[in-house]
Amino acid sequence: IGQIGGEDCLFFCYQNYCSFFSRHEQCLFCNLVSTSDTYNSVLRKKDTEDIGEVAKAAFTEGKVKHVLLTGGCFNHQKEIELVGQIVKSIQEYTGLDRVPGTILPSPAKGLDDIKRYYETGIRAIGFSMEIWDDRLYQAICPGKSASTSHAEFVNAIESAVKVFGAGNVYGVFVMGLEPGHTFLDGVKTLTGLGANVVPFVWSPNPGSRLEGHRAPTAKWYVDTVLEAAEIVSGAGVPSGTENHCM
């Protein structure tokens, strides 16, 4: 149902499904659906009551301090409703008022959608931009870029900061799929808006279109992420570590 990531994050992928796979327009680094097909242990869709029960156990045992909720891209209005049901279930089982943690939904299309996510009771939100360089974004994420432009992502993050507050909004990148300087440009822009940055490290996952390709060297990752950390620190954005892993 869920798993613990890092030291204290309870992670739920509430739906192992992405509509882009059915049209062969999935992001080239993603193996979300193929993983579900390969491993029978992966539940494609988690019951909201089960998620609440697992959250209660994890928080009661002192194993976790925050949650991370995500799923593949699908009908946006249905996703908002589903997220609301999941957060409500966690609230009812744990007794928490506003749930510490982050939701990583499909891209929001307007301020009203962002407000609806805030009203569910989750404390933070993030949007998976994946790639900052616009041309590489279009090439690596054909389905996502056709439905949500680079500019729409930036606007969503800017609007979300106004609703959730500085430090409680995250721009998520798959680090290692674009040159370091363009990634750092993205870090500068988003921290300038009051958002934090999550730089997921790319590895060529089995079942993805980029399976068998080589990731950058460890040194490249270390050097680039340290430079990014200096940018984030210098921008003075609140750390948000109560809602997302360090």
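Summary table below
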{"quantity": "Packing rank of 95-107, 227-239, where each peptide gets the mean count of other beta carbons within 10 Å, highest leading", "calculated": "95-107, 227-239"}
{"quantity": "Cα shape, region 137-246, gyration tensor, a/c 1.5 rule", "calculated": "oblate"}
{"quantity": "J(HN,Hα) series, region 47-60, from Karplus relation 6.51 cos²θ - 1.76 cosθ + 1.60, nearest Hz, glycine and proline x", "calculated": "6, 5, 5, 5, 4, x, 5, 5, 4, 4, 4, 5, 5, 5"}
{"quantity": "Region 86-139 versus region 47-66: alpha-carbon centroid distance in Å", "calculated": "19 Å"}
{"quantity": "Long-range amide H partners of residue 68 with built H, under 5 Å", "calculated": "10, 11, 12, 102"}
{"quantity": "For the chain, calculated [θ]222 nm from helices alone, where every DSSP H run of n ≥ 4 adds -39500 (n - 2.57)", "calculated": "-13500 deg cm²/dmol"}
{"quantity": "Share of carbon and sulfur in the accessible heavy-atom surface of region 65-114 [1.4 Å probe, %]", "calculated": "49 percent"}
{"quantity": "Full-stretch length increase - residue 7, residue 35 - with 0.36 nm per residue and alpha-carbon distance subtracted", "calculated": "7.6 nm"}
{"quantity": "Percent RCO, i.e. relative contact order, over region 151-215, from Cα pairs under 8 Å lying at least 6 residues apart", "calculated": "34 percent"}
{"quantity": "The chain: relative contact order in percent, alpha carbon pairs under 8 Å with at least 6 residues between", "calculated": "20 percent"}
{"quantity": "Hz values of 3J(HN,Hα) by residue in region 177-183 - Karplus curve (6.51, -1.76, 1.60), Gly and Pro given as x", "calculated": "9, 9, x, x, 5, 6, 4"}
{"quantity": "Cα→Cβ-extended label distance, 7 Å offset, between residue 181 and residue 19, nm", "calculated": "3.8 nm"}
{"quantity": "Residues of region 40-146: accessible area per residue with a 1.4 Å probe, Å²", "calculated": "47 Å²"}
{"quantity": "Gaussian network model of the chain, springs between alpha carbon atoms under 10 Å - residue of 60, 182, 191 with greatest fluctuation", "calculated": "60"}
{"quantity": "Answer label for Kirkwood radius over Cα pairs in Å (calculated), chosen among [x] 21.8; [y] 24.7; [z] 18.4", "calculated": "[z]"}
{"quantity": "Antiparallel %, DSSP beta bridges [both residues in the chain], to 5", "calculated": "15 percent"}
{"quantity": "Amide H partners (placed H, <5 Å) of residue 174, local residues excluded", "calculated": "130, 131"}
{"quantity": "All lysines inside 24 Å of residue 88 as judged from Cα atoms, apart from same-chain residues fewer than 8 positions distant", "calculated": "45, 46, 56, 63, 65, 78, 109, 115, 162"}
{"quantity": "Region 100-246, relative contact order [Cα under 8 Å, separation at least 6], %", "calculated": "25 percent"}
{"quantity": "Residue-by-residue Karplus 3J(HN,Hα) for region 147-152, coefficients 6.51, -1.76, 1.60, Hz, glycine and proline x", "calculated": "9, 9, 6, 4, 5, 5"}
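The values are calculated or read from the model by the stated rules, or taken from the named source; none is laboratory data. Bear in mind the structure is a predicted one, so any value in this text is a computation, not a measurement. Neighbour counts are summed over all protein chains in view; Cβ atoms, including those assigned to glycine, are modelled from backbone coordinates with ideal geometry. Note: accessible area is taken over every heavy atom of the protein model, side chains too, but ligands, DNA and RNA are not part of it. Shrake-Rupley method; radii C 1.70, N 1.55, O 1.52, S 1.80 Å.
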